[in-house]
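Worksheet: the structure to be examined is printed underneath.
The values are calculated or read from the model by the stated rules, or taken from the named source; none is laboratory data. These figures come from a predicted structure and were not determined experimentally. Here Cβ is always computed from backbone atoms with ideal geometry, including for glycine, and neighbour counts include all displayed protein chains.
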Amino acid sequence: MTIDLLRDLETRLALGLRADAARLELREATARVLLALSPSETLAMSSVAQRVGRDPSTATRFVDRAVADDLLVRMPGAEDRRRRVVSLTERGGELRERLVELRERRARLLLDSILTETGLGEGQVEWFLQAFVQGLRA
């Protein structure tokens, strides 16, 4: 039963990201890449792959689409010009900000639902979620 609940949670989170991306007329993969970068960050392609949880070739396809859509810029690395890095364009940064707002709104609704349904305090839910995330990292 617990496994089924976790699977359902995972599915709902993925569908939520897909819906938020669609609302901004983005592909889900593009949304993942935008969320992987901080606004003023330049990130190596290997780090992008790690953050989006995909292999490097798949992450490269995601980035290629985002570059073609003028959401990211790809350039040689400062220390090693053979290494490629990416950063958000102005448009990419704006869409990322809107996506983050949608994701935060969705997270708040989920938290409010948990608080209402369980009667737990916000600190207790936060403790549980931190423990949950640590378990996922194990």
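Which members of the range 48-83 meet the condition of being in contact (Cβ under 8 Å) with a residue 24 or more places away in the chain, touching a helix residue (DSSP H, G or I) at 6+ places or on another chain (Cβ under 7 Å) and among the small types (G, A, S)? Of everything in the range 48-83, those that are in contact (Cβ under 8 Å) with a residue 24 or more places away in the chain, touching a helix residue (DSSP H, G or I) at 6+ places or on another chain (Cβ under 7 Å) and among the small types (G, A, S) turn out to be A59, A66. Restricted to the range 57-80, and to residues there that are surrounded by 12 or more Cβ atoms within 10 Å (Cβ to Cβ) and over 17 Å from G92 (Cα atoms), the residue that is modelled with the highest pLDDT is T58.
Does V86 fit the bill of being of a type in the set (A, V, I, L, M, F, W, C), touching a residue at least 24 places away in the same chain (Cβ under 8 Å), touching a Lys or Arg at 6+ places or on another chain (Cβ under 9 Å) and not in a strand (DSSP E or B)? Against the criterion (of a type in the set (A, V, I, L, M, F, W, C), touching a residue at least 24 places away in the same chain (Cβ under 8 Å), touching a Lys or Arg at 6+ places or on another chain (Cβ under 9 Å) and not in a strand (DSSP E or B)), V86 does not qualify. For V100, indicate whether it is more than 26 Å from R27 (Cβ to Cβ) and of a type outside the set (G, A, S). Criteria not met by V100. Applying the set (1) touching a helix residue (DSSP H, G or I) at 6+ places or on another chain (Cβ under 7 Å); (2) part of a helix (DSSP H, G or I); (3) basic (K, R) to R105 leaves exactly one unmet item: (1). Taking the conditions exactly as written (under 25 Å from E10 (Cβ atoms) and touching a Gly at 6+ places or on another chain (Cβ under 9 Å)), does L34 satisfy them or not? It is true that L34 is under 25 Å from E10 (Cβ atoms) and touching a Gly at 6+ places or on another chain (Cβ under 9 Å).
Would you check which residues across the range 34-51 are more than 9 Å from L88 (Cβ to Cβ), of a type in the set (G, A, S) and either touching a Lys or Arg at 6+ places or on another chain (Cβ under 6 Å) or not in a helix (DSSP H, G or I) (or both) and list them?
Of all residues in the range 34-51, those more than 9 Å from L88 (Cβ to Cβ) come to 35-36, 42-51.
From what's left, of a type in the set (G, A, S): 36, 44, 46-47, 49.
Passing the criteria: A36, A44.
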